[in-house]
Amino acid sequence: MIAVETAIRAWVEPDRRRSRRRKRDPPWRPQAYGERVLVFDTETSSDHVQRLLFGFFRVYERGKLLLEGIIAAEVLDHEAMSAISEYSARHRLPVYSPQRFIEQVFFPEVYELGTLCVGFNLPFDLPRIAMGAGCGRGRNRRKFRIRLSRRVGIHDLYIETASGHAAFIGFVPKRKLYKREGSFFKGRFLDLSTLARTLTGESNTLKSASRAFKTHTRKMEFEEYGTVTRRSLAYGRQDVRVTWALYRKLR
C-alpha cells in the first residue's frame, strides 16, 4: 500500500451579518490639528502660593483672531478690580471668571471642537484656572487630577510629569458619556516650553525662546510682578501675543 499525502486549501467565509453593537463616533474631533487654536497665559501673585490674579486668552481660526478676553480671579481687592474694569472698557475686552472661562470657552473649544490648547508652561497655567487639584489613584497615582468645574458634563484633567521638562496632559474619561459627546476625547495640548527645548536642546523662557526663534512680537520689559495695574495688564496681554507668535515660528 502506498501512502499519499493530500493537501487541502480552505478558507473561512466572513460573517457578513451586521453587528448589533452601535457604531460609535471616532475618538477624535473633525477639527484639523492646529486649524483652531486657543492661546492663554496667567499672571499670579509673587508669593509661594502663586494664586491667580488675571490672565488673557485668544482664539484663532486659520490664523485669524476670533475672540479675545480677560480672565479675572474671583477674589481681588477693589483697586485690582477697578484696574481690570478700566482696561476691559478701554480695549473692549470681555471679562471672564475662571469658571465662566472654563464653561464657555475652554471646555467647548478644547474638548467639544478639538481646538488645540497652546501655552508656555501649561502644567503651571492650567491649575491656576481650576477650582481644585488632587492626586490620581491606582494606575493613575503618578498623575495630578485637576478639577475644572462642578458641572457634571465637564471632564477633569490629568497632568502627568514625564521629566523635569515635559508632561502629558489630557482629559479624564468618565464611565458614562452624554450622547452629544460621542466618543471620549483626550484633547490636544501643546506646551511651547517643551517644544522649544526639543528643538534647541536648552531650557528657555518665553523671552529667550522668542529671541532664539526671532519672532516679530517680543515681551515687554516688566519687573512689578504680582500686581494688577494698567501696565501689568498690558504685560500679560503682550505675553499671549508673544506665545502665539512663538507657536507659529515653532510650527
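The values are calculated or read from the model by the stated rules, or taken from the named source; none is laboratory data. Being a predicted model, the structure only gives us computed values, none of them experimental. Positions of Cβ are generated from backbone atoms using ideal geometry, with glycine treated the same way; all protein chains shown enter the neighbour counts. Accessible surface areas use protein heavy atoms only, side chains included; no ligands, DNA or RNA. Shrake-Rupley method; radii C 1.70, N 1.55, O 1.52, S 1.80 Å.
Carbon and sulfur atoms: what percent of the 1.4 Å accessible area of the chain do they account for?
Values: 7950 of 16000 Å².
Ligands and nucleic acids excluded, carbon and sulfur reach 50 percent.
Given R0 = 41 Å, the distance between the Cβ atoms of residue 175 and residue 66 translates into a calculated FRET efficiency of 0.75.
Given a Förster distance of 45 angstrom, what is the FRET efficiency for residue 78 paired with residue 251, based on the Cβ-Cβ distance and rounded to 0.05? My answer for the efficiency is 0.60.
Gyration tensor analysis over the Cα atoms of segment 47-119 returns equivalent ellipsoid semi-axes of 24, 16, 10 Å (largest first, whole Å). Dipole magnitude for the chain: computed about the Cα centre from +1 point charges on Lys and Arg Cβ and -1 point charges on Asp and Glu Cβ, it is near 1380 debye.
Per residue, the chain exposes an accessible area of 64 Å² to a 1.4 Å probe, with every protein chain left in place. Close amide H contacts of residue 56 (hydrogens built in the peptide plane, cut-off under 5 Å, sequence separation of 5 or more or a different chain): 41, 71.
Pairs of alpha carbons in segment 150-251 separated by more than 20 Å make up 57% of all such pairs.
Residue pairs exceeding 28 angstrom between C-alpha atoms, taken from 64/207; 64/219; 143/174; 186/219; 64/214; 64/186: 186/219. For segment 134-150 versus segment 186-201, the spacing of their alpha-carbon centroids is 22 Å. Note on residue 144: accessible area is roughly 110 Å² with a 1.4 Å probe, heavy atoms of protein only. Hull volume per residue, based on the alpha-carbon atoms of segment 70-202 and their convex hull, is 149 Å³. What does the charge count around residue 74 come to, taking other residues whose C-beta lies under 11 Å from its C-beta (Lys +1, Arg +1, Asp -1, Glu -1)? Combined, the nearby Lys, Arg, Asp and Glu give +2. A simple spin-label model places the labels of residue 165 and residue 140 2.9 nm from each other, with each point 7 Å out along Cα-to-Cβ.
Apply 1/(1 + (r/R0)^6) to the Cβ-Cβ distance of residue 152 and residue 51, taking R0 = 22 Å, and write down the FRET efficiency to the nearest 0.05.
Details: r = 27 Å, r/R0 = 1.21.
That pair, residue 152 with residue 51, gives E of 0.25.
Mean residue ellipticity at 222 nm, helices only, the chain: -7500 deg cm²/dmol; runs of at least 4 DSSP H residues each add -39,500 (n - 2.57), and the sum is divided by the number of residues. Across the chain the C-alpha pair distances fall into 5 Å bins from zero in the proportions 1, 5, 12, 15, 17, 15, 11, 6, 4, 2, 2, 2, 2, 1, 1, 1, 1, 1, 0, 0, 0, 0 percent.
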